[in-house]
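Working notes, structure below.
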Amino acid sequence: MAFEDNQQLTRIFEEIADFLELQGENIFKVKAYQKAARGLEGLERSVCELYSSGQLASMPGFGKALVEKVGQFVDTGQVELHQQLKASFPSEILQLMDVPGLGAKKAALLHRELGIGSVDDLEKALKEGLVTDLKGFGKKTVDKLLEGIGLLRQGEQRWLLGRVSQLAEDLLSRLRALPEVERAEAAGSLRRGKETVGDLDLLVISSRPEVVMEFFASLGEVIGRGPTKCSIRWEGKFQIDLRCVPGESFGAAMQYFTGSMDHNVALRGRAKRLSCELNEYGLFDALGNNLASRSEEEIYERLGLPWIPPELRETGAELEWERLPERLQLEQLNGNLHTHSLWSDGTDTLEQLAEEAQRRGYRYLAITDHSRSMVVANGLSIERLMAQGQQIERLNASFSNGFRLLWGSEVDILGDGSLDFPEEVLARLDFVVVAVHSQFSMTPEAMTERICRGISHPYVDVLAHPTGRKINRRTGYQADWERVYAVASEHGVALEINCSPRRLDLNDKAARRARDCGCMISLGTDAHSLAEFDYLPLGVLQARRAGIEVGSLLNGLSWEQLRKRRARLVDV
Ligand code: DGT
Ligand code: CA
Ligand code: CA
């Protein structure tokens, strides 16, 4: 579990950044707080301890001013600047900045001119036409903001997989620690690896359900409770359902509560055609004899099916497939193909990144810091990129186990489809991902042209976060994706499944389609700190949902193979 003080201070720094942005402060000052917050989030020691032992100042991103703020936090549990800023704005104003499509500038204007200080205020003002006199609030913007408020409210109901999977693990280990609990597992959409989760479904085997219920009910606000089931609200928001079942029917319960609903309907239909009945207690023949219930495997087998992995249980069509894809394993990946270091907007040095990568058993790690146009992310000039290359070369010479850092870049696709570095620079790199980071509101035709041009340049390996969506925040830009996949396939450019929990871009469906169109897929965490290497399994889950096997993954290749492929020496 993360340190509580680190979490508190992370939130304080994030809020300071938001307030400063609202005030129209210098963007670099804002970024400094965001970066410090990011650094704290992944820290494996208590920040208070680091401060007290005088080690904080040697942490990247912690200059004198920030160390002083940490000092205030250690002494008083608060940060003065944070308190001041908080007092000068309405209490709900930061939630305004979460509305997709509403940047800090617009939020500040709304607050200044109309006194809008909450999402509800904004919705009312938009609907009543109060904003139309403000500069930059034409009909298009108003519609977009109303849509954004809808997305935000939806986001309040469905949670990011990456956010709840940790919570689920923590709860399961607490349940497993009870002597009365024989087994505890998660079911529902979480087990299926769906990118967002409506509520959490937990299953427990225990012969003393009353003890388990008593413990579980104490964890949150109880919504409903029976002898073997209980629902609570976690931190006033997120619903968690728990059920206790006997060991004999555990497999049937897991199958039933894992879903999806459509998969279950199809499976029950199949049982019926075999004159059987399938329910949460088991599979029964016409006379009511129990044919299978203890394990999922037995149930699928009695229905003449292989065990279908949860990630593929979605539409029901998977029951009819001739062959199930080989289930992708994290260990099949040789490395992580999208990361940031201190050279741009990451929080760690190349040495730290390399060490962490080796600790995790990777054989290579692509360092893909931002290119020069990304000024706010401290993008690298050509000179700095070359200097970084030399440092990477020195580091590579020091590894004796065959591990390798790939000297890469995340190169901006500029508005006209040209790339942010010239060809002769790209030619020198080991790995190039390209991405759109600006001018999102082009027409779909123009965006398609831009992306297709961007990936047609030589020396491009991957199109990163292809659609630009952020789950619950923005829908991403529009383009003719069939055309993009065709051009990518023609030029041997892989499409990324960006593993960041808020992105997961491409999503499962799109990744499947891209693969079917002949594209390779690349998994990259887009990590800006060491802790974000943990995102890789999320990407693996989405790849599994897309039916992608290791043979379609760039990460399945060795770095020598990646190099040959890049030089188009081999046809992979
Ligand atoms: P979520 O929570 O919206 O992300 O999605 P799920 O799939 O976790 O849905 P949830 O929590 O309502 O129910 C978990 C599973 O239990 C669901 O996937 C299938 C099963 N289930 C729940 N209610 C019913 C029902 O009324 N009929 C059937 N056949 N299955 C149900
Ligand atoms: Ca659920
Ligand atoms: Ca549920």
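The values are calculated or read from the model by the stated rules, or taken from the named source; none is laboratory data. Since we're looking at a predicted model, the values are computed, not measured. Every residue, glycine among them, receives a Cβ derived from its backbone with ideal geometry; neighbour counts consider all protein chains shown. The area values use the complete protein model at the heavy-atom level, side chains included, leaving out ligands, DNA and RNA. Shrake-Rupley method; radii C 1.70, N 1.55, O 1.52, S 1.80 Å.
Among (1) touching an Asp or Glu at 6+ places or on another chain (Cβ under 8 Å); (2) open to solvent by less than 20 Å² (accessible area, probe 1.4 Å); (3) within 16 Å of ligand 3 (Cβ to nearest atom), there is one condition Lys229 misses while meeting the rest; what is its number?
Only one criterion is unmet by Lys229, namely (2).
List the residue pairs whose Cβ atoms are under 6 Å apart, where the first residue sits in region 175-202 and is on the phi < 0 side of the Ramachandran plot, the second is more than 8 Å from ligand 1 (Cβ to nearest atom) and among the acidic types (Asp, Glu), and the two are 6 or more positions apart or on different chains.
Taking only residues 6 or more apart or on different chains, the pairs are Arg192/Glu311.
Within region 201-214, is even one residue among the small types (Gly, Ala, Ser), exposed (fewer than 15 other Cβ atoms within 10 Å of the Cβ) and more than 16 Å from ligand 2 (Cβ to nearest atom)?
Checked against the condition, which is being among the small types (Gly, Ala, Ser), exposed (fewer than 15 other Cβ atoms within 10 Å of the Cβ) and more than 16 Å from ligand 2 (Cβ to nearest atom), region 201-214 yields at least one hit.
Looking at Arg294, Arg243, can you tell me which residue is within 20 Å of Glu182 (Cβ to Cβ) and more than 16 Å from ligand 2 (Cβ to nearest atom)? First the steps, then the outcome.
Values: Arg243 fails: more than 16 Å from ligand 2 (Cβ to nearest atom).
Criteria check complete, one pass: Arg294.
Need at least 2 residues that are within 13 Å of ligand 1 (Cβ to nearest atom) and touching a helix residue (DSSP H, G or I) at 6+ places or on another chain (Cβ under 7 Å) per element, so show me which helices (runs of 4 or more DSSP H) inside region 138-236 make the cut, counting only ones lying wholly within it.
Fully inside region 138-236 and qualifying: 161-176, 188-192.
From the list Gly148, Gly155, pick out the single residue that is more than 13 Å from ligand 2 (Cβ to nearest atom), at pLDDT below 95, crowded, with 20+ Cβ neighbours inside 10 Å and of a type in the set (Gly, Ala, Ser).
None of the other options fit; the residue is Gly148.
Answer yes or no: is there a residue in region 303-311 that is buried (at least 18 other Cβ atoms within 10 Å of the Cβ), over 29 Å from the mean Cα position of the chain (by Cα) and more than 22 Å from Met59 (Cβ to Cβ).
Yes, because at least one residue in region 303-311 is buried (at least 18 other Cβ atoms within 10 Å of the Cβ), over 29 Å from the mean Cα position of the chain (by Cα) and more than 22 Å from Met59 (Cβ to Cβ).
Please work out which one of (1) closer than 18 Å to Asn498 by Cβ; (2) surrounded by fewer than 24 Cβ atoms within 10 Å (Cβ to Cβ); (3) not small (Gly, Ala, Ser) is the condition Val432 fails and give its number.
Going through the list (1) closer than 18 Å to Asn498 by Cβ; (2) surrounded by fewer than 24 Cβ atoms within 10 Å (Cβ to Cβ); (3) not small (Gly, Ala, Ser), Val432 breaks only (2).
Could you please let me know if Leu102 is closer than 28 Å to Ser500 by Cβ, open to solvent by less than 70 Å² (accessible area, probe 1.4 Å) and either within 29 Å of the chain's Cα centre (by Cα) or in the same structural domain as Phe13 (by TED's automatic domain parsing) (or both)?
For Leu102, the condition - closer than 28 Å to Ser500 by Cβ, open to solvent by less than 70 Å² (accessible area, probe 1.4 Å) and either within 29 Å of the chain's Cα centre (by Cα) or in the same structural domain as Phe13 (by TED's automatic domain parsing) (or both) - is met.
Considering Lys35, Lys86, which residue is at pLDDT 90 or above, assigned to a helix (DSSP H, G or I), among the basic types (Lys, Arg) and open to solvent by 40 Å² or more (accessible area, probe 1.4 Å)?
Lys86
Residue by residue through region 356-395, note down the ones that are in a helix (DSSP H, G or I), among the charged types (D, E, K, R) and surrounded by 13 or more Cβ atoms within 10 Å (Cβ to Cβ).
Passing the criteria: Glu356, Arg384.
Of all residues in region 502-530, which are assigned to a loop (DSSP other than H, G, I, E, B) and open to solvent by less than 40 Å² (accessible area, probe 1.4 Å)?
Passing the criteria: Arg503, Leu504, Leu506, Cys517, Cys519, Met520, Thr525, Asp526, His528, Ser529.
If I filter region 168-179 for residues that are more than 27 Å from the chain's Cα centre (by Cα), crowded, with 18+ Cβ neighbours inside 10 Å and not assigned by TED's automatic domain parsing to the domain that holds Pro501, do I get at least one hit?
no
When only residues in region 531-560 that are in a helix (DSSP H, G or I) and of a type in the set (Ser, Thr, Tyr) count, which is least open to solvent (accessible area, probe 1.4 Å)?
Taking the candidates together, the pick is Ser552.
Of the residues that make up region 275-286, is at least one free of Cβ contacts under 8 Å to residues at least 12 places away in the same chain, surrounded by 18 or more Cβ atoms within 10 Å (Cβ to Cβ), farther than 25 Å from Asp199 by Cα and not assigned by TED's automatic domain parsing to the domain that holds Asp508?
Looking for residues that are free of Cβ contacts under 8 Å to residues at least 12 places away in the same chain, surrounded by 18 or more Cβ atoms within 10 Å (Cβ to Cβ), farther than 25 Å from Asp199 by Cα and not assigned by TED's automatic domain parsing to the domain that holds Asp508, one finds at least one in region 275-286, hence yes.
So Leu219 clears everything in (1) within 23 Å of the chain's Cα centre (by Cα); (2) touching a residue at least 24 places away in the same chain (Cβ under 8 Å); (3) open to solvent by 30 Å² or more (accessible area, probe 1.4 Å) except one condition, right? Which one?
Here Leu219 meets the rest and fails (1).
I need the full set of residues from region 462-488 which are part of a helix (DSSP H, G or I) and either open to solvent by 60 Å² or more (accessible area, probe 1.4 Å) or at pLDDT below 95 (or both), in order please.
Glu482, Arg483
Name every residue in region 45-72 that is within 31 Å of the chain's Cα centre (by Cα), under 15 Å from Ile16 (Cβ atoms) and of a type in the set (Gly, Ala, Ser), in order of residue number.
Within region 45-72, Gly61, Gly63 qualify.
Return the residues of region 270-322 that are assigned to a strand (DSSP E or B) and under 12 Å from Gln255 (Cα atoms); say none if nothing qualifies. Before you say what the answer is, go through the steps one by one.
Just the residues of region 270-322 that are assigned to a strand (DSSP E or B), to begin with: 277-279, 282-284, 290-292.
Matches in region 270-322: Leu278, Asn279, Gly282, Leu283, Ala292.
For region 71-81, check the following and say yes or no: at least one residue is under 29 Å from Gly476 (Cβ atoms), modelled with pLDDT of 90 or more, open to solvent by less than 30 Å² (accessible area, probe 1.4 Å) and in a loop (DSSP other than H, G, I, E, B).
Restricting attention to region 71-81, the residues satisfying the condition of being under 29 Å from Gly476 (Cβ atoms) are none.
No: region 71-81 contains no residue that is under 29 Å from Gly476 (Cβ atoms), modelled with pLDDT of 90 or more, open to solvent by less than 30 Å² (accessible area, probe 1.4 Å) and in a loop (DSSP other than H, G, I, E, B).
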